[in-house]
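Each remark here refers to the structure printed beneath this line.
The values are calculated or read from the model by the stated rules, or taken from the named source; none is laboratory data. Everything numeric here is computed off the predicted structure, so don't read it as measured data. Positions of Cβ are backbone-derived with ideal geometry, glycine not excepted, and every protein chain shown enters the neighbour counts.
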Amino acid sequence: MTGTPPTREPGHESGRPRERLDGPAKVAGRAPYAYEQPAEDPLFLFPVRSTIARGRVLWVDTEEAAAVPGVVAVLTHLNAPRLASRDDLELWVLQDDEVRHHGQFVGAVIAGTPEVARWAASLVRVEYQREWHDVVLRADHPERYRPDHVNPSFDTDTSLGDVDEALADAAATVDQTYRTPVQHHVPMEPHTTVVRWPGPADLGAVAMYDSNQGVSPIRKVLAPLLGLDPDQVWIHSPHVGGAFGSKASPKAHHVLTALAAHLVPGRPVKCALTRQQMFANAGHRTPTIQRVRLGADRRGRLTAIAHDVVEHTARFKEFAEQTAVATRTMYAADNRRTTHRLVPLDVPAPVIMRAPGEAPGMFALECAMDELAVALGMDPVELRIRNEPDADPESGLPFSTRHLVRCLREGADRFGWADRPPAGQGRRDGDWLVGFGVAASTYPLFPQQGSSARIRALPGGRRQVEIAASDLGTGTWTALTQIAADALAVPAEAVDLVIGDSALPSTVGAGGSSGLSIWGTTVVAAARAFRDRFGDDPPAGAEEVGELPENTAVGRYALHAFGAQFAEVRVDAVTGEIRVPRMVGIFDVGRVINPRTARSQLIGGMTMGLSMALHEESVVDPRFGHVVNGDYAEYHIPTNADVGDIDVSWLDEPDPLYNPMGSKGIGEIGIVGTAAAVANAVWHATGVRVRDVPITPDRLLGRLR
Amino acid sequence: MIPFDYHRATDVEDAVRTAAARPDAAYLAGGTNLVDHLRLGITSPGLLVDVSRLPFDDIDRLADGGVRVGAGVRNSDLAAHPAIRRDYPMLAAALLAGASWQLRNLATTGGNLLQRTRCAYFQNPATPCNKREPGSGCSALAGWQRHHAILGASEHCVAVHPSDMAVPLAALDATVRITGPGGNRGVPLTAFHRLPGDEPQRDTVLDHGELITAVDLPRMPPTTRSAYRKVRDRASYAFALVSVAATLTVTDGVVRDARIALGGVAHKPWRATRAEETLRGAAARAESFRAAAEAELAEAEPLPGSAFKTTMVREALVSVLTGLAEGRPR
């Protein structure tokens, strides 16, 4: 935006539907993603991956690969540089002969072109000593255990009152098991990194162009692993083509590429995972088996809620998805419990993915609520409203704001819920069975720590705002500029935002739908400090750093976003094919900073929920331990033709307590609830209750009226 | 770089002579399937003979009223051609139901017929597959079977042919025109693709060096109604779970002629001759159509994971035929 004169009165940026500031550069191909960054005389890396799920590498024959013209080096555990820390076995790359999952990196070829690297990698011969492996999640698995906490730091189990007694006394009960499969993030931009070691003199011992969700947290983990101080590692990541949790933490390819770069000092080594590799080397969501029990009195007041979850983790690295945590907040009931149990398997490490916890957990709870409404003969919207709690049901804390009932009521109006035929009697339109479904959603507002920003006055009344934030394609470049403009009382056109670089003041990564809240709060604090010190007519070069203040609402209030989703589903009575012509989502997400980018994020979220309901499933072959359908042709996400009209809106209700902008998070709540709304609509259309996603035609075929 | 030789054919004779002389040669046209396979390590021909510039991109009217489609005609051009849209609408529909715009803009008529199965074990060189590596075993027999055959499979291979286009071509009695080292020949499309038997590595009856030059479509009687119905997991860019191509000629409420081919159910586009025989002379109503479908599927031998296809293709076929009989294509 250099050279653009100020054109607007300051102070009114928040709430303005600005077009993406990075849009023109992206459309014109001038916004460099990691793999496209300038790299002088680069080398290319292609991994060699294990074809067994568990065992040891007995020997590796690299002779043929090394002899291919253009190959610079073949990396194996026998010649790889040593790492400094064994704390995280996912990152313990080429340090021993152990194979911990199918597709694990057991070597790599570095060559002058990507084609040569790939070809030579296929010539590396690896002999294994195969060991028994297990990749199948079962609820009664003998190795099932209780983790100390669930992601990120929630209690593993909670219990209040006596659920069994309340269920025995209830007028209506639901006791069902819901399942969600392994899912993968599948961002359009694959995991890519370019590493130079040593980096150029001014950039540090290691210089990286990388696609990630936060340069600061990535650096914090990678640097000590490489035996370096964080200051010695420079990471640049200004544009990211989707991540969804899979790029929040370092992955094995970062380490593999760094090790390779160490072997070829001063030459950049480029690595881009293939789509197929992304199904073993870029994280995934655990499958879940969830038993939900609900009890209610005759008037639909819940007396018991129990949500018991079994899910998997990698045997070599624990990750416990917080699947039942949202159930602790949703509805009032005197008797309640939630539990999480893990089964350690010989699978790659699961990780956060698209509303971790809430997405699978609320699928189960909100389908169960629909089943309870049927058991009670009650409207499912009304059932939810009747169970609205006065305060957070388990902590007893007051909500900062909670407008779920308004979302349900206003969403029902927007959707035309009143036209819904009676339960179990959906409409028929030719061969199509038509049904409506509803579900509620919630997402927590995560407090975070450790974030700073720098404000600098530039000539001509401009301000440079520096923070190591990230834009995953979500709109940070635009919305954070708007927050900064208001905080600095200058027009947005006078703000030069700089993000995505580890040389900038350190902050949190994008994740937990909290990026903009944390970065915005930090920028507001820095702007206040800057204006306190220099006023509104600062000399060019004036500079101030501000820190994220402690969030005083934490511990005093329950902090959550809420929403309600409605779906119309059409099922072909002949083939079982399912279409979703329209959905409505209405959200209590505080003040919206940029309605344009927010709308995109909420539509994107609901599309991911639709995807979870109808499409996404990573099929794991128990014999080999790999994902069978690991490419875009077979791992389905919705195409444009699958996404009908999605009407999203939000209540204009700022949250005065969570952050100074009045905003909540919007990145993930669109996902939560959508899958259940679709599944509930499928039931309404067909009378068939499918409790396992994805709901594919074969699951309905032969069961249709 | 994967080492292979490349030759851009100057004419048909040059192409055939060059390919026939090298047992490790493969023809390259649109490349939408072959290039993927090169990258994935599924195949590694030593010589690619590029036939994409040969003059095979015409669609001509034949003397008998049929149409000759050049082997190099792109799927999107074929689907958009006025003669195809008017006289063979189910072929246009099948083409448009396949792949994506980008792929259809590249993929050719000949290449479409020669595309290989999407069996996930065939696609992954790390898993055994008799089609990719004869004798290594069939991983699908005890594996993921959602996209596998219910008809005509063998103990060596349960893969299905993925083409949409080939299904109406089978129903239309199309002929594949071939030029090879021994001269020219024509093969009915229904005899072009093979069942797997004990040689699942052979998808078609083509001998090495033979090149598809055209596909001939016989004249369609103007009174015949036709439809293509594809059932899939998502609305676009998905291979068929099952598909049905059918033509129906009805006079006075009686079926005079029916031509039916099924996709997604076998190693080849499956011409449903039993169903056709059952229908000929039968009353054009749902009971007849159901009986025809049952007759065709009597010998279906699905795997546990593909059992749903028997129901799915039966219901789709009944629905398509009913729609054609009632004059409202479904």
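Within region A:590-613, does at least one residue satisfy the condition of being at the interface with another protein chain (Cβ under 9 Å from one of its Cβ atoms), within 30 Å of A:C407 (Cβ to Cβ) and hydrophobic (A, V, I, L, M, F, W, C)?
Within region A:590-613, not a single residue is at the interface with another protein chain (Cβ under 9 Å from one of its Cβ atoms), within 30 Å of A:C407 (Cβ to Cβ) and hydrophobic (A, V, I, L, M, F, W, C).
For region B:150-159, what are the residues that are buried (at least 24 other Cβ atoms within 10 Å of the Cβ) and within 27 Å of B:L96 (Cβ to Cβ)? Outline the logic, then answer.
From region B:150-159, those buried (at least 24 other Cβ atoms within 10 Å of the Cβ) are B:150, B:153, B:157-159; that's our starting set.
Once the filter is applied, which keeps residues that are buried (at least 24 other Cβ atoms within 10 Å of the Cβ) and within 27 Å of B:L96 (Cβ to Cβ), region B:150-159 yields B:I150, B:A159.
In region B:110-131, what residues are within 14 Å of chain A (Cβ to nearest Cβ) and in contact (Cβ under 8 Å) with a residue 40 or more places away in the chain? Steps first, please.
Quick first cut of region B:110-131, residues within 14 Å of chain A (Cβ to nearest Cβ) only: B:115-129.
Hits for region B:110-131 are B:Q115, B:R116, B:T117, B:R118, B:C119, B:F122, B:Q123, B:N124, B:P125.
Residues that are within 12 Å of chain B (Cβ to nearest Cβ) and crowded, with 24+ Cβ neighbours inside 10 Å: does region A:523-546 have at least one? Show your work before the answer.
Filtering region A:523-546 down to residues within 12 Å of chain B (Cβ to nearest Cβ) leaves none.
No, region A:523-546 contains no residue that is within 12 Å of chain B (Cβ to nearest Cβ) and crowded, with 24+ Cβ neighbours inside 10 Å.
So in region A:563-580, with the set limited to residues that are of a type in the set (A, V, I, L, M), within 14 Å of chain B (Cβ to nearest Cβ) and touching an Asp or Glu at 6+ places or on another chain (Cβ under 9 Å), which one is surrounded by the fewest Cβ atoms within 10 Å (Cβ to Cβ)?
Filtering region A:563-580 down to residues of a type in the set (A, V, I, L, M) leaves A:564, A:567, A:569, A:571, A:573-574, A:578, A:580.
This time we only want the ones that are within 14 Å of chain B (Cβ to nearest Cβ), so: A:569, A:571, A:573-574, A:578, A:580.
Still in the running and touching an Asp or Glu at 6+ places or on another chain (Cβ under 9 Å): A:571, A:573-574, A:578, A:580.
Numbers: A:V571: 25, A:A573: 20, A:V574: 23, A:I578: 29, A:V580: 26.
Among those that are of a type in the set (A, V, I, L, M), within 14 Å of chain B (Cβ to nearest Cβ) and touching an Asp or Glu at 6+ places or on another chain (Cβ under 9 Å), it is A:A573.
How about region A:614-644: which of its residues are among the hydroxyl-bearing types (S, T, Y) and either within 15 Å of A:P287 (Cα to Cα) or more than 7 Å from every other protein chain (Cβ to nearest Cβ) (or both)? Break it down into steps so the answer makes sense when it comes.
Here is the first cut: in region A:614-644, the ones among the hydroxyl-bearing types (S, T, Y) are A:618, A:632, A:635, A:639.
If the condition is that a residue be among the hydroxyl-bearing types (S, T, Y) and either within 15 Å of A:P287 (Cα to Cα) or more than 7 Å from every other protein chain (Cβ to nearest Cβ) (or both), then A:S618, A:Y632, A:Y635 are the ones that fit.
Check off (1) outside any helix (DSSP H, G or I); (2) in contact (Cβ under 8 Å) with a residue 40 or more places away in the chain for A:A375 and give me the number that stays unchecked.
(1)
Would you confirm whether any residue within region A:681-702 is under 25 Å from the mean Cα position of the chain (by Cα), basic (K, R) and at pLDDT 95 or above?
yes
Kindly provide the set of residues from region A:304-327 that are farther than 13 Å from A:T286 by Cα and surrounded by 23 or more Cβ atoms within 10 Å (Cβ to Cβ), ordered by number.
A:A304, A:I305, A:A306, A:H307, A:A324, A:V325, A:A326, A:T327
What strands (runs of 3 or more DSSP E) lie completely within region A:28-137 and have 3 or more residues being aliphatic (A, V, I, L, M)? Explain how you work it out, then say what you get.
Numbers: elements: A:43-49, A:55-61, A:71-76, A:105-111, A:125-130.
The strands (runs of 3 or more DSSP E) meeting that bar are A:43-49, A:55-61, A:71-76, A:105-111.
In region A:438-465, what count of residues is obtained for those that are at pLDDT below 95 and under 30 Å from A:E410 (Cα atoms)?
Of the residues in that region, 2 qualify.
Show me the strands (runs of 3 or more DSSP E) entirely contained within region A:162-246 in which 1 or more residues are outside the structural domain of A:H615 (by TED's automatic domain parsing) and among the acidic types (D, E).
Filter on region A:162-246 gives A:206-210.
Since A:A487 meets every condition but one in (1) under 23 Å from the mean Cα position of the chain (by Cα); (2) not in a strand (DSSP E or B), which condition does it not meet?
(1)
Under the condition of being touching a helix residue (DSSP H, G or I) at 6+ places or on another chain (Cβ under 8 Å) and not hydroxyl-bearing (S, T, Y), which residue from region B:316-329 is farthest from the other protein chains (Cβ to nearest Cβ)? So that I can check it myself, show each step before the final result.
Residues of region B:316-329 that are touching a helix residue (DSSP H, G or I) at 6+ places or on another chain (Cβ under 8 Å), as a first pass: B:317-318, B:321-322, B:325, B:329.
Still in the running and not hydroxyl-bearing (S, T, Y): B:317-318, B:321, B:325, B:329.
Values: B:L317: 10, B:V318: 8, B:L321: 12, B:A325: 15, B:P329: 12 Å.
Among those that are touching a helix residue (DSSP H, G or I) at 6+ places or on another chain (Cβ under 8 Å) and not hydroxyl-bearing (S, T, Y), it is B:A325.
Determine which member of the set B:P188, B:P162 is within 30 Å of B:L324 (Cα to Cα), surrounded by 20 or more Cβ atoms within 10 Å (Cβ to Cβ), within 19 Å of the chain's Cα centre (by Cα) and of a type outside the set (A, V, I, L, M, F, W, C). Please lay out each step first, then the result.
On the way: B:P188 fails: surrounded by 20 or more Cβ atoms within 10 Å (Cβ to Cβ).
Step by step, each of B:P188, B:P162 is checked, and only B:P162 is within 30 Å of B:L324 (Cα to Cα), surrounded by 20 or more Cβ atoms within 10 Å (Cβ to Cβ), within 19 Å of the chain's Cα centre (by Cα) and of a type outside the set (A, V, I, L, M, F, W, C).
Output the residue which, of all residues in region B:215-238 that are out of contact with any Asp or Glu (no Cβ under 9 Å at 6 or more places or on another chain) and within 24 Å of B:V176 (Cα to Cα), is farthest from the other protein chains (Cβ to nearest Cβ).
Among residues in region B:215-238 that are out of contact with any Asp or Glu (no Cβ under 9 Å at 6 or more places or on another chain) and within 24 Å of B:V176 (Cα to Cα), the one farthest from the other protein chains (Cβ to nearest Cβ) is B:D216.
Does region B:239-260 contain any residue that is more than 14 Å from chain A (Cβ to nearest Cβ), closer than 30 Å to B:R22 by Cβ and of a type in the set (S, T, Y)?
no
Might you let me know whether region A:292-299 holds any residue that is of a type in the set (D, E) and buried (at least 24 other Cβ atoms within 10 Å of the Cβ)?
Within region A:292-299, the first condition is being of a type in the set (D, E), and the residues that meet it are A:297.
With the extra rule that they be buried (at least 24 other Cβ atoms within 10 Å of the Cβ), the set shrinks to none.
No, region A:292-299 contains no residue that is of a type in the set (D, E) and buried (at least 24 other Cβ atoms within 10 Å of the Cβ).
Going by what's in this entry, would A:A468 be described as in a loop (DSSP other than H, G, I, E, B) and modelled with pLDDT of 95 or more? Break it down into steps so the answer makes sense when it comes.
Values: in a loop (DSSP other than H, G, I, E, B): yes; modelled with pLDDT of 95 or more: yes.
It is true that A:A468 is in a loop (DSSP other than H, G, I, E, B) and modelled with pLDDT of 95 or more.
Against the conditions (1) crowded, with 18+ Cβ neighbours inside 10 Å; (2) assigned to a loop (DSSP other than H, G, I, E, B); (3) out of contact with any Gly (no Cβ under 8 Å at 6 or more places or on another chain), where does B:A26 fall short? Just the number, please.
The one condition B:A26 does not meet is (2).
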